[in-house]
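S.K.: Sharing a structure here in structure tokens format.
The values are calculated or read from the model by the stated rules, or taken from the named source; none is laboratory data. All of these numbers come straight from a predicted model, not from anything done at the bench. Positions of Cβ are generated from backbone atoms using ideal geometry, with glycine treated the same way; all protein chains shown enter the neighbour counts.
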Amino acid sequence: MPTLVIVGSQWGDEGKGKITDYLAEKAEVVVRYQGGNNAGHTVEKDGTQYKLHLVPSGILYPEKICIIGNGVVLDPGSLIDEINTLKEQGVSVENLKISDRAHIVLPYHIKLDELEEVAKGKNDIGTTKRGIGPCYMDKSERIGIRVCDLLKPEVFKNKLKLNVEKKNKIFREVYDAGELNFEEIYEKYSRYASIIKSYVVDTTSLLYDLIKDGKKVLFEGAQGTLLDIDLGTYPYVTASHPISGGVTVGAGVGPTMINDVIGVVKAYTTRVGKGPFPTELFDDYGNFLREKGHEYGTTTGRPRRCGWLDAVILSFSVKVSGIRTFALTKLDTLTGLDKIKICTGYRFNGEIIKDFPASLEDLAMCEPIYEEFDGWNENISNIRKFQDLPLNAQKYVKRIEELTGINASIISVGPGREETIVREELMS
Ligand code: GDP
Ligand code: IMO
Ligand code: MG
């Protein structure tokens with residue numbers, strides 16, 4: 001099918017970058033539709049690691065068009081650093097396109113993010129402190145500055161002046177903190193504008209024409225379902241819409257033009273930042289997953305919280321994003337465990353529930369009900385056919401399929417492009 005949405009099915013870091021890079025071979029266009037440089041997508045090619053925050057994970061193919069959509073919040077300094085690093089790594093960014101409608105992250109957003117986290121004390125969200133929440137706040141307040149504004153010196157100057165004055169008042173009066181200098185920001189961001197200018201286009205119109213033309217388009221989600229501002233574990237969420245519906249507003253593409261949705265599911269669960277996590281492990285199994293899976297944040301380097309796979313979460317994700325099929329990642333990380341567990345429901349107030357609760361107070365009281373599986377010891381990273389996997393690994397995958405009601409079309413057994421088992425050709 002020509003357009004495919006790739007969404008994170010858990011709390012982010014499921015391996016969306018790897019799956020996007022893998023599927024990008026067959027696509028012509030890859031689009032980011034939400035989030036900002038809070039995202040950290042690691043892609044490996046020929047043993048080299050590429051860390052992407054804003055640039056879509058199709059960039060390793062020079063001929064693919066990579067689009068940063070209007071729903072993304074863009075830190076131009078961070079983007080320029082990323083572009084320079086990619087160029088140093090020999091990657092061409094000539095086909096990168098940036099939406100003229102994307103909102104710009106400014107230094108006051110980053111400062112507000114930091115101050116607000118400190119002010120929340122023990123109730124902090126554990127954000128990435130990249131200014132993402134405050135930038136989306138300005139967007140909703142209708143005082144945000146967009147890429148098209150940045151490119152018009154007078155418009156940018158006026159909007160920035162009003163914003164810096166307003167933010168400085170907040171810094172002074174609410175946080176008793178130092179102020180930011182308008183001139184410095186203006187000069188720095190005017191320089192950024194001259195660098196990114198050549199990439200800026202009306203991406204909505206471009207995408208419409210590409211899709212109408214029959215081009216294959218991948219929409220690369222950032223974060224994950226449970227970090228969605230509406231459907232996630234609010235308030236411990238990000239400020240955008242990682243679910244598949246986010247594509248319509250974040251890329252300016254109508255629902256009739258979206259053909260398929262794949263959920264990326266890590267073979268266990270991880271979470272960065274605060275908030276309830278029913279299957280979290282605090283024992284040797286948790287440490288095993290963290291160390292073997294290198295579960296340390298791409299963006300902030302923070303150790304990720306680790307736990308067993310949670311089918312209640314997966315079923316919820318299937319519903320809210322209309323996920324048709326899934327890509328199971330990091331199955332190889334489970335190799336060497338004597339036993340593996342899947343949470344199939346929660347015990348809550350003496351009852352068994354299968355629906356993911358809205359209330360975090362209720363979620364905190366949910367006790368996972370587990371099904372236990374025997375592990376395997378064989379190295380599975382060289383396996384390319386499902387039937388060649390150890391029987392216990394096959395059983396584990398089949399049970400996930402039963403519990404979610406959907407099939408695993410891709411099984412990833414290592415970070416490299418080739419370390420992939422394909423059971424259904426997508427994008428063909
Ligand atoms: P994303 O944010 O969803 O793109 O995921 P991250 O890139 O933050 O985290 C996933 C990490 O796991 C990256 O370092 C990937 O290179 C790596 N990875 C992806 N798939 C696999 C896999 O199947 N096996 C192993 N061992 N690592 C993988
Ligand atoms: P990728 O795309 C995992 C988490 C933060 C925090 C919450 C809010 O790599 O999967 P924010 O800075 O967005 O306001 O922080 O969201 N978070 C992520 N966790 N992976 C991500 O992105 C994340 N982006 C944000 O840790 O809990
Ligand atoms: Mg990540």
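S.K.: For Ile229, state whether it is outside any strand (DSSP E or B) and closer than 26 Å to Ala408 by Cβ.
M.R.: Judged against the criteria, Ile229 is not a match.
S.K.: Residue check, Arg130 against (1) away from ligand 3 (no atom under 16 Å from the Cβ); (2) crowded, with 21+ Cβ neighbours inside 10 Å; (3) not β-branched (Val, Ile, Thr), all met but one. Which one?
M.R.: The one condition Arg130 does not meet is (1).
S.K.: Only one of Gly17, Gly36 is of a type outside the set (Asp, Glu), within 11 Å of ligand 1 (Cβ to nearest atom) and within 28 Å of Ile104 (Cβ to Cβ). Can you tell me which?
M.R.: Gly17
S.K.: Exactly one condition in (1) assigned to a strand (DSSP E or B); (2) over 12 Å from the mean Cα position of the chain (by Cα) is false for Thr42; which is it?
M.R.: Looking at each condition in turn, Thr42 falls short on (2).
S.K.: Right, another one. State all residues of the range 201-223 that are under 17 Å from Leu4 (Cβ atoms), outside any strand (DSSP E or B) and within 16 Å of ligand 3 (Cβ to nearest atom); if no residue qualifies, say none.
M.R.: Result: Gly221, Ala222.
S.K.: Taking the criterion of being small (Gly, Ala, Ser), away from ligand 1 (no atom under 12 Å from the Cβ) and either outside the structural domain of Cys343 (by TED's automatic domain parsing) or touching a Phe, Trp or Tyr at 6+ places or on another chain (Cβ under 6 Å) (or both), would at least one residue in the range 270-288 satisfy it? Give the derivation first.
M.R.: Of all residues in the range 270-288, those small (Gly, Ala, Ser) come to 273, 275, 286.
With the extra rule that they be away from ligand 1 (no atom under 12 Å from the Cβ), the set shrinks to 273, 275, 286.
This time we only want the ones that are either outside the structural domain of Cys343 (by TED's automatic domain parsing) or touching a Phe, Trp or Tyr at 6+ places or on another chain (Cβ under 6 Å) (or both), so: 275.
The answer is yes; a qualifying residue exists.
S.K.: Which members of the range 353-405 meet the condition of being hydrophobic (A, V, I, L, M, F, W, C) and not in a helix (DSSP H, G or I)?
M.R.: Ile353, Phe356, Ala358, Cys366, Ile369, Phe373, Trp376, Ile380, Ile383, Leu389
S.K.: Name the pairs whose Cβ atoms lie under 6 Å apart, with the first residue in the range 234-246 and farther than 17 Å from Gly131 by Cβ and at pLDDT 95 or above, the second among the β-branched types (Val, Ile, Thr) and more than 16 Å from ligand 1 (Cβ to nearest atom), and 6 or more positions between them or separate chains?
M.R.: Tyr236/Ile125; Ile243/Val320
S.K.: Considering (1) within 16 Å of ligand 1 (Cβ to nearest atom); (2) surrounded by fewer than 21 Cβ atoms within 10 Å (Cβ to Cβ), say which one Thr329 fails and leave the rest.
M.R.: It fails just one condition, (2).
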